[in-house]
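Below you'll find the structure, written out as structure tokens, and then a few comments.
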Ligand SMILES: CC(C)(COP(=O)(O)OP(=O)(O)OC[C@H]1O[C@@H](n2cnc3c(N)ncnc32)[C@H](O)[C@@H]1OP(=O)(O)O)[C@@H](O)C(=O)NCCC(=O)NCCS
């Protein structure tokens, strides 16, 4: 198993990610994009807005999870995290999320947010375990936020800009 930071997605990988997304949301479609075309468009949107902060977990050549964020100001957002059903409850989601949170800490952010379907109980429980707390609601969505450890005192745009491209291109492994 290894985690790879991806900046471009081949059409072969895109197809596999669509399949992964469909499997991950199959048991509860309430908060999911439906249809391969829409899912593809959504994945491309995620990739574009992530500007490199998009990690895919691979088992061999097969993607089994991914996480994507966006550096919104002042609070960045985790836009999506998905783990295939066979990999649930095995810490993979936590490793993907940790990668994203470490990245944001290094980029100088002191908080992170996300939106989750209010009745997506498994995801909500997962986020609560990691220290996310509920904030406001908008329709069927609940915003959750978490404070980040690390370089809080140096949180600034200039700190973020100072992080070198090579550091942000780091690839991790060992999941
Ligand atoms: C959200 C997701 C990435 C979390 O990964 P995961 O491997 O399932 O997460 P974990 O098993 O570490 O944590 C889930 C927790 O919820 C608990 N849980 C499972 N079903 C639950 C339910 N119906 N109600 C409440 N808690 C539930 C699990 O027991 C676990 O808690 P525990 O570790 O204290 O036992 C994964 O479930 C997923 O891909 N879901 C589909 C896509 C999705 O909803 N993404 C989130 C978008 S906001």
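The values are calculated or read from the model by the stated rules, or taken from the named source; none is laboratory data. Being a predicted model, the structure only gives us computed values, none of them experimental. Cβ: placed from backbone, ideal geometry, glycine included. Neighbour counts: every protein chain shown.
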Pairs under 9 Å by beta carbon, first residue closer than 19 Å to residue 69 by Cβ in the stretch 115-136, partner in a helix (DSSP H, G or I) and away from the ligand (no atom under 11 Å from the Cβ), six or more apart or different chains? 130/98; 130/101
Given (1) within 16 Å of the chain's Cα centre (by Cα); (2) under 21 Å from residue 124 (Cβ atoms), residue 64 misses just (2)
Tally up the residues in the stretch 25-47 that are in contact with a helix residue (DSSP H, G or I) (Cβ under 7 Å, 6 or more places away or on another chain) and within 15 Å of the ligand (Cβ to nearest atom), please. 4
Residue 160: passes all of (1) at pLDDT 95 or above; (2) surrounded by 12 or more Cβ atoms within 10 Å (Cβ to Cβ) but (1)
Would you mind stating whether residue 114 is in contact with a helix residue (DSSP H, G or I) (Cβ under 9 Å, 6 or more places away or on another chain) and modelled with pLDDT of 95 or more? yes
Pick from the stretch 112-128, criterion part of a helix (DSSP H, G or I) and more than 6 Å from the ligand (Cβ to nearest atom), ranking: nearest to residue 54 (Cα to Cα): 127
Might you check whether a residue that is more than 16 Å from the ligand (Cβ to nearest atom) and in contact with a helix residue (DSSP H, G or I) (Cβ under 9 Å, 6 or more places away or on another chain) occurs anywhere in the stretch 77-98? no
